Amino acid sequence: MQLSYASEITTRHPSLVTAVIHADRITATADVSHHLPRLLATARQRLEAERLSEFPEIQAWRHAFSEMGLKPTQYRCAAESLLRRLNKTGDLPRIHPLVDLCNHVSISHAVPIAVFDLAHVSGDLTVRSAVGSERYAAFNGDIEHPARGEVIFADDAGQAHARRWTHRQSATSAVRETSSEVLIVAEALHDDAHDTISSVLTTLTASITETWGSTIHRRLIAAADQP
């Protein structure tokens with residue numbers, strides 16, 4: 001399968017840099033606990049030294065959300081939501097070892113990271129504006145239809161695997177106990193996006209290879225590389 005961005009997205013956001021990782025042999029019984037404390041400490045130290053609203057990574061996503069007509073204090077990118085939770089509770093919930101790892105890499109780098117179970121993705125994934133007919137499965141069981149023009153991750157069957165770009169993923173392709181083959185996508189828009197995303201790519205590749213022995217296919221792409 002392929003991941004691509006519609007030209008309207010890369011034209012509107014020329015600073016976009018994305019890390020893409022394809023990994024197999026994922027299991028729900030792996031232990032990633034030794035990877036998490038360092039990542040958690042990095043995030044905590046930064047939150048102590050700097051206001052979350054002043055993070056360049058978060059400011060860039062807030063600006064992008066404003067450009068999409070969304071209130072950035074109502075709809076937040078996934079990384080900001082995780083960091084706010086960390087600020088409030090001091091920790092993150094445990095969900096699945098791969099999701100836990102990606103969430104901790106997300107907070108340590110302040111960029112959103114999505115993980116898709118490819119068994120539930122039909123064909124290719126495209127980050128594009130919705131036409132309004134796509135189907136999004138919410139975690140409460142509801143089926144929603146993203147508004148026309150909303151940025152989504154859409155597959156060839158018209159399923160929306162994420163709404164409002166990096167705000168929220170779909171229950172359809174969420175990682176679960178039976179997940180084995182996944183696609184991981186990390187995105188950034190700030191000035192130093194290339195360096196940040198390169199670090200995310202290196203950190204995740206090393207941790208996943210060590211933990212699961214996965215066969216890894218990875219790529220770092222910039223808006224200028226599209227299509």
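The values are calculated or read from the model by the stated rules, or taken from the named source; none is laboratory data. Model, not experiment: these values are computed from the prediction. Virtual Cβ from ideal backbone geometry, glycine too; neighbours counted across all protein chains shown.
A few notes on this one:
- Residues considered: HIS145, HIS167. Of these, the only one that is farther than 23 Å from ASN103 by Cα, in contact (Cβ under 8 Å) with a residue 12 or more places away in the chain and not small (Gly, Ala, Ser) is HIS145.
- Residue within the range 127-147 that is closer than 13 Å to VAL175 by Cβ, surrounded by 19 or more Cβ atoms within 10 Å (Cβ to Cβ) and hydrophobic (A, V, I, L, M, F, W, C) present: no
- Each residue in the range 60-78 was checked for being buried (at least 17 other Cβ atoms within 10 Å of the Cβ) and either under 16 Å from PRO112 (Cα atoms) or of a type in the set (Lys, Arg) (or both), and 10 pass.
- Options ASP191, ASP156, ASP195; residue that is touching a helix residue (DSSP H, G or I) at 6+ places or on another chain (Cβ under 7 Å) and surrounded by fewer than 17 Cβ atoms within 10 Å (Cβ to Cβ): ASP191
- Filtered residues of the range 104-142 (kept if of a type in the set (Val, Ile, Thr) and touching a strand residue (DSSP E or B) at 6+ places or on another chain (Cβ under 7 Å)): VAL105, VAL111, ILE113, VAL115, VAL121, THR126, VAL127
- Those helices (runs of 4 or more DSSP H) of the range 30-145 in which at least 2 residues are touching a helix residue (DSSP H, G or I) at 6+ places or on another chain (Cβ under 6 Å) and at pLDDT 95 or above, considering only elements entirely within it, cover 36-49, 78-89, 97-109.
Okay, residues lined up against (1) surrounded by 16 or more Cβ atoms within 10 Å (Cβ to Cβ); (2) under 20 Å from ILE9 (Cβ atoms):
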residue: GLU150; (1), (2): yes, yes
residue: ARG176; (1), (2): no, no
residue: VAL182; (1), (2): yes, no
residue: GLU187; (1), (2): yes, yes
residue: THR205; (1), (2): yes, no
residue: HIS217; (1), (2): no, no
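- Hey, ARG218 of a type in the set (Lys, Arg) and not in a strand (DSSP E or B) or not: no
- Near pairs, Cβ below 6 angstrom, 6+ apart or cross-chain, from the range 52-67 (closer than 18 Å to ARG85 by Cβ) to any residue that is assigned to a helix (DSSP H, G or I) and charged (D, E, K, R): ILE58/GLU80
- A residue that is within 19 Å of VAL105 (Cβ to Cβ), free of Cβ contacts under 8 Å to residues at least 40 places away in the same chain and assigned to a helix (DSSP H, G or I) cannot be found anywhere in the range 173-194.
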